[in-house]
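I have placed the structure first, in the form of structure tokens, so that the comments after it can refer back to it.
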Amino acid sequence: MPDIKQGDIYWVEIRQSETKGSEQYKRRPYIIVSRTGLNKLGRTVVGVPMTSETRKAGGHLILLPAREIGKDVGCTSSIVDSVALVDQIRVLDLSRLEGRIGSLSRTATIGLLELGLGFLFDIPT
């Protein structure tokens, strides 16, 4: 498995049979939010799923403009404006990471994602 960094985006398949209620399923991009150093130590990472349904943006659901997503050279998927579904954070076994799409820019976008997670966990800024 390649070096997985915070802010990397991977395709992840979650089957509907592996979820309950409103949990996210199907193949979708996940942003790795766990620390890069921790990602090297174990067999799991922590990820936040993305959706292209930008109408969901607001509050702790963070709009990610396409221009803030760096696409990997080998990625054949289109990069579009998306929303980070921070309230659907999930631990992912490394075997679930199907292919790297790219990564978030290290500018304001990472900061917005951190604010969304801080709101979710009631961590004062």
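The numbers here are math on the coordinates, done by the rules we state, and not lab data. Source: prediction; values computed, not measured. Don't worry about glycine lacking a Cβ; one is built from the backbone with ideal geometry, like all the others, and counts go over all protein chains shown.
Under 10 Å, Cα contacts only: if you run a Gaussian network model on the chain, which one of Ile32, Ile110, Ile62 comes out with the highest mean-square fluctuation?
Evaluated over the chain, the most mobile residue of the options is Ile110.
Please check the chain for the longest run free of GluC sites (Glu not before Pro) that are loop-located per DSSP (anything but H, G, I, E, B) and have at most 12 other Cβ atoms within 10 Å. Before the final figure, lay out each step's value.
Values: sites that count: Glu23, Glu53.
With GluC sites (Glu not before Pro) excluded where exposed in loops, the chain gives 54-125 as its longest stretch.
Give the shape of region 8-118 as rounded, prolate or oblate, defined through the alpha-carbon gyration tensor: a ≥ b ≥ c are the square roots of its eigenvalues, a/c under 1.5 means rounded, and otherwise the shape is prolate if a/b is larger than b/c and oblate if not. Mind showing how you got there, number by number?
On the way: a/c = 1.23, a/b = 1.10, b/c = 1.11.
Since a/c stays below 1.5, the shape of region 8-118 is classed as rounded.
Fewest Cβ neighbours within 10 Å first, please rank Arg100, Arg67, Arg35 accordingly.
Arg67, Arg35, Arg100
Given Cβ point charges of +1 (Lys, Arg) and -1 (Asp, Glu) and nothing else, what value in debye, to the nearest 20, does the dipole of the chain about its Cα centre take?
For the chain, the charge dipole is close to 180 debye.
If each DSSP helix of 4+ residues adds -39,500 (n - 2.57) and the sum is divided by the residues in the chain, what number results at 222 nm, nearest 500 deg cm²/dmol?
-3500 deg cm²/dmol
Provide the gained length on full extension for the span Arg35 to Ala66, in nm with one decimal, where the gain is 0.36 nm per separating residue minus the Cα-Cα distance.
The span from Arg35 to Ala66 would gain 8.9 nm if fully extended.
Starting from the Cα of Lys71, draw a straight line to each of the lysines and keep only those under 18 Å, dropping any in the same chain fewer than 8 residues away.
Lys5
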